[in-house]
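One structure below.
The values are calculated or read from the model by the stated rules, or taken from the named source; none is laboratory data. Please read these numbers as outputs of a predicted model, since none were measured by experiment. Quick reminder, even Gly has a Cβ in these numbers, built from the backbone with ideal geometry, and neighbours come from all protein chains shown.
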Amino acid sequence: MDDAWDMAYSLFKVWLSIVVGLIVVPAMFGLSLGVTDVYMKILVKILEWATLRIQRGQRDQPSPTAQLPNGIIQRDDGSMAEEIGELRRNWPQSLTGGDFTLCDAFYFCRKGIETIVEDQVTQRFTSEELVSWNLLTRTNNNFCYISVRVTIIWGLGVFIRYCVLAPLRITLAVIGLSWLVIGTTLVGLLPNSKVKDWLSDLVHLTCYRICAKGLSAVIHYHNKQNKPKKGGICVANHTSPIDIVILANDGCYAMVGQVHGGLMGVIQRSMLRSCPHVWFERSEMKDRHAVAKRLRDHVADKTKLPILIFPEGTCINNTSVMMFKKGSFEIGGTIYPVAIKYDPQFGDAFWNSAKYNMVSYLLRMMTSWAIVCNVWYLPPMTREPLNIRTRSVVRLNRKGRMPSILPTE
């Protein structure tokens, strides 16, 4: 029995040494050994091959099933006038004598019920439909038998994701979060000074880089000359809590957000020890006034970190941008819009908080293929007579190639 424990301990030391030496230490300095790049190239080739096999298998089927659209209701492509005309052609001649018949009411009732059941806004709170299956059974197009080779590749993928990648990513996440809690606690004991601010930035930056490795995140940053500067306000579309990891992997921010419990609450309290983050309770009116004052004071000090705000107020499935809450733009200062667009082919980054808690969501992310996203830093904006929040949303929507802007008010 002792020999088994000794062997397990030895294997754990070897495993930890490899993880720390080959991944954690390079990540802390913003370096990479190129393993992720090789992994992504192989993964892209496999998914392209699987897509071709699936398409070929669908063509070979005697009666291929039609591709269902996003949502639960299958709608016709024609206009309302064409649909009514088609219905009237199928009705008895005695009912088609005027411009409007009583039977028309059934058509309009059906359209109204469809709109209530499945409107454009509520669709943005469910996972995005994929054009082609990405070999993950959690996607909307679940596993179906295509061929022996595709099934073998799917089985190997399950083994690699759950037995190889998941333990590695969980180890990196534990190291990153432990470093965040311990580092911010120690830095928080120091008196306020430039050294404390520098150490706080260093702890946060290294932690987020390690956590990004724990998600196998491949992040492409564009237009870095427009990165948020101190004393400014960074506004971005919101898909999941890992948006913070994605953005803070390239620079430090002062966070603003809702108070959470559980694991998220532990992380928030630890971050607050060394950096002036702002956590508040939306239901408390007095919190809102206090937060607004703190944010105005923060923006007025050009030596403090830029504030990161997600003005949508909730997580959206990355297919659209909700109209931003106006409160974020009444603080003043320079606004730095940032657009984040995830690639759903490698993993669904959307957090459905009504369905999954934080731990379950992170486990889903760590058992995905990877997190691939593009980040666009857009030119800074200042307040003008034209509604600045509308201009910010339009620019984010256009840069992120999202099809629509959805109102919330």
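Selection of segment 230-249 for residues being of a type in the set (D, E, K, R) and at pLDDT 90 or above yields only ASP243.
Looking at this structure, is VAL158 within 18 Å of VAL19 (Cβ to Cβ) and surrounded by fewer than 17 Cβ atoms within 10 Å (Cβ to Cβ)? It is false that VAL158 is within 18 Å of VAL19 (Cβ to Cβ) and surrounded by fewer than 17 Cβ atoms within 10 Å (Cβ to Cβ). ASN374 falls short on exactly one of the conditions (1) under 29 Å from LYS293 (Cβ atoms); (2) assigned to a strand (DSSP E or B), and that condition is (1). Every residue in segment 204-259 that is in a helix (DSSP H, G or I) and hydroxyl-bearing (Ser, Thr, Tyr), please. Scanning segment 204-259 gives THR206, TYR208. Against the condition among the polar types (S, T, N, Q), under 18 Å from SER240 (Cβ atoms) and at pLDDT below 85, how does SER274 come out, does it pass? So SER274 does not fit the description; no.
Inspect all residues belonging to segment 292-313 and state whether any of them is hydrophobic (A, V, I, L, M, F, W, C), modelled with pLDDT under 85, under 20 Å from the mean Cα position of the chain (by Cα) and surrounded by 15 or more Cβ atoms within 10 Å (Cβ to Cβ). No, because not a single residue in segment 292-313 is hydrophobic (A, V, I, L, M, F, W, C), modelled with pLDDT under 85, under 20 Å from the mean Cα position of the chain (by Cα) and surrounded by 15 or more Cβ atoms within 10 Å (Cβ to Cβ).
Within segment 168-203, the residues that satisfy the criterion of being outside any loop (DSSP other than H, G, I, E, B), of a type in the set (S, T, N, Q) and surrounded by fewer than 17 Cβ atoms within 10 Å (Cβ to Cβ) are SER178, THR185. Which residue, of MET323, MET366, is closer than 15 Å to PRO241 by Cβ and in contact with a helix residue (DSSP H, G or I) (Cβ under 7 Å, 6 or more places away or on another chain)? Within the list MET323, MET366, the selection yields MET366. When segment 336-384 is filtered for residues that are at pLDDT 90 or above and among the β-branched types (Val, Ile, Thr), the ones remaining, listed by number, are VAL338, ILE340, THR367, ILE371, VAL372, VAL375.
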